[in-house]
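A quick write-up on the structure given underneath.
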Amino acid sequence: MHIAETRQALAEAGAAEFVRRAREAVEGHGRFRVALAGGATPRGVYARLADRQGPYRAQIPWERTFVLFGDERQVAPDHDDSNFRMASETLLRHVPVPEEQVHRMRGENPDALRAAEEYEEILRDVFRLGDGERPRFDLVLLGMGADGHTASIFPGTPAAREAARLAMAVKLDPGPDRITLTLPVFNSAAAALFLVSGTEKAEAARQALGGASDLPAAQVRPDRGDLLWLLDRDAAAGLPR
Ligand code: 6PG
């Protein structure tokens, strides 16, 4: 766990960790496969990674990087709510990741179940999975909602109990519906990095980090990997000193 004084400091620390994981992965096995998080908090990290004047962009082996997504809203890729659009505007359009190495979830598909199945096929292809195998991301970036959800795994929903599928459709009311990777995928990662900021997250962070919590964010504990929580001071306000 690392507590950053400000949201800007959180962005710096998140970008530095992203660089470290990217370089370790490429040195280790020649590729860096990352699942990006949606929402607002990661924007600062992505902007720092993309910044040509910053210390991060030039350190990342973009040509060996494979970008996937932890979840997506069931909207077109140019929709305001699209996580792909957010990541494109803040990061992907500004760095030389080969286009064919960016795999978005097709939120425009009106059949979210089909879109989830399609994404499972993409995972099997990118990670060259055999039957029953799970993808081992080098890094998954995750946020957390005030209710303790992460990606599109919301408390008390089927996704929070899913133990087999790699990706699934999530019905929300109100919508839009979602497509999300599942806990088995997140817990197969080499590293999971939570980016959490804001006072509205303090109670969920206190629960999730206090142990014995069934919040979805607390269920992300990589079986053979690192778990890192990056919080700003506001989100960490409920944690014991
Ligand atoms: C999404 C994310 C979601 C997000 C949290 C926190 O698609 O919105 O997957 O899990 O990370 O809701 O969002 P903020 O970073 O905007 O607070």
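Annotations for the structure displayed:
- As a ratio to 2.2 N^0.38 Å, the alpha-carbon radius of gyration computed for the chain takes the value 0.94.
- Accessible area (Å², per residue) of segment 96-179, counting only protein heavy atoms and a probe of 1.4 Å: 50 Å²
- Accessible carbon and sulfur surface of the chain relative to its total accessible area, %, 1.4 Å: 47 percent
- Selected from Val140, Gly28, Phe66, residue furthest toward positive end of dipole (the chain; charges at beta carbon): Gly28
- For the chain, the relative contact order works out to 22 percent when only alpha carbon pairs closer than 8 Å and six or more residues apart are counted.
- Its relative contact order, with pairs defined as Cα atoms under 8 Å and 6+ residues apart, puts segment 84-220 at 26 percent.
- Dipole magnitude of the chain, debye to nearest 20 (Cβ charges: Lys/Arg +1, Asp/Glu -1, about Cα centre): 640 debye
- Ordering of 158-166, 10-18, 198-206 by packing is 10-18, 198-206, 158-166, highest average first (other Cβ atoms within 10 Å, averaged per residue).
- For segment 1-88, the list of trypsin sites (Lys or Arg not before Pro) that fall in a loop by DSSP and count at most 11 other C-beta atoms within 10 angstrom reads Arg52.
- Phi angles of segment 187-201 translate, via the Karplus equation with coefficients 6.51, -1.76, 1.60 and θ = phi - 60°, into HN-Hα couplings of 7, 9, 6, 6, 7, 10, 10, 8, 10, 10, 9, x, 5, 5, 9 Hz per residue; Gly and Pro are given as x.
- Nearest-0.05 FRET efficiency for Ala58 and Leu172, computed from C-beta distance (R0 45 Å): 0.70
- Calculated [θ] (222 nm, deg cm²/dmol) that DSSP helices of n ≥ 4 give over the chain, each run adding -39,500 (n - 2.57): -8500 deg cm²/dmol
- Built amide H within the under 5 Å cut-off of Phe66, gap 5+: Phe32, Arg33, Val34
The values are calculated or read from the model by the stated rules, or taken from the named source; none is laboratory data. Keep in mind that what you see is a predicted model, and the values were worked out from it rather than measured. Cβ: placed from backbone, ideal geometry, glycine included. Neighbour counts: every protein chain shown. These accessible areas exclude ligands, DNA and RNA; they are computed on the full protein's heavy atoms, side chains included. Shrake-Rupley method; radii C 1.70, N 1.55, O 1.52, S 1.80 Å.
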